[in-house]
């Protein structure tokens, strides 16, 4: 009877609806707590408990659509997911390490994952610092604090999981656009490995869907305007050579388009395409 009363009380409690941002933060918090849980959950199990997609597609879409994030939160997001994914592949439940004398010893998976998380978090911040020095466009506002930090300051600030106490402004004041930052990491080959696999897979799937939609729409728009479309390298090369007599080969056409910074879209048959309007503009 008492159990029934407790159940009835629980069922009568109001359901708390999380905002999209609260939900994203809740998932990130679950991943961080999961580092030291026994038994631990895999990435797919956590995603499935919060979203319909166990691969994390809805979660990454939410992070992608956020208008802004500070660099500290951004580094935590990438680090916790990548560290967890690496732990997911560890069937033994421990990591083998070696001491200064070369003797092997075991480190528990939870400690190894925590260490990996801390190391990745710092590595992401170092990458963001490199991006700031290179005037990457995904930052919003002043990023001088991050840009001017040396390796020692980053080490002191992140080895122990806190910011340097002597900083007059915290790194959380440095803001970026997550969509642009994710895409920058993905498109920069030396930094692409900083992204967790679930995010890389989602970005790849999104890009493929976007390309297909853009191609179909572009062809449909051109057909509606009765604009001629040149499809395949033979057609494209022949047409370019008519306009520019010095170009007579496919390689020459490719080089010309590359100089003009033109990326050809593919048709539904998988062949490269270009419209007559684009060619006219290029040959002016």
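The values are calculated or read from the model by the stated rules, or taken from the named source; none is laboratory data. All of these numbers come straight from a predicted model, not from anything done at the bench. Every residue, glycine among them, receives a Cβ derived from its backbone with ideal geometry; neighbour counts consider all protein chains shown.
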- prompt: Given the structure, is residue 197 touching a helix residue (DSSP H, G or I) at 6+ places or on another chain (Cβ under 8 Å), surrounded by 11 or more Cβ atoms within 10 Å (Cβ to Cβ) and at pLDDT 85 or above?
  reply: yes
Tally of residues being in a helix (DSSP H, G or I) and modelled with pLDDT of 75 or more across segment 209-242: 10
query: Does residue 186 qualify as being assigned by TED's automatic domain parsing to the domain that holds residue 132, under 13 Å from the mean Cα position of the chain (by Cα), modelled with pLDDT of 80 or more and crowded, with 18+ Cβ neighbours inside 10 Å?
result: no
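Yes or no, residue by residue, for (1) at pLDDT 90 or above; (2) in contact with a helix residue (DSSP H, G or I) (Cβ under 7 Å, 6 or more places away or on another chain); (3) exposed (fewer than 15 other Cβ atoms within 10 Å of the Cβ); (4) assigned to a loop (DSSP other than H, G, I, E, B):
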position: 92; (1), (2), (3), (4): no, no, yes, yes
position: 101; (1), (2), (3), (4): no, no, yes, yes
position: 105; (1), (2), (3), (4): no, no, yes, no
position: 113; (1), (2), (3), (4): no, yes, no, no
position: 119; (1), (2), (3), (4): no, no, yes, no
position: 122; (1), (2), (3), (4): no, yes, no, no
position: 127; (1), (2), (3), (4): yes, yes, no, no
position: 158; (1), (2), (3), (4): no, yes, no, no
position: 162; (1), (2), (3), (4): no, no, yes, yes
query: Quick one: how many residues across segment 59-90 are in contact with a helix residue (DSSP H, G or I) (Cβ under 8 Å, 6 or more places away or on another chain), farther than 25 Å from residue 141 by Cβ and assigned to a loop (DSSP other than H, G, I, E, B)?
result: 1
query: Would you pick out the residues in segment 33-58 that are assigned to a helix (DSSP H, G or I) and either at positive phi or without any contact (Cβ under 8 Å) to a residue 60 or more places away in the chain (or both)?
result: 33, 34, 44, 45, 46, 48, 49, 50, 58
query: Which one is nearest to residue 125 (Cα to Cα), of the residues in segment 171-184 that are touching a residue at least 60 places away in the same chain (Cβ under 8 Å) and part of a helix (DSSP H, G or I)?
result: 171
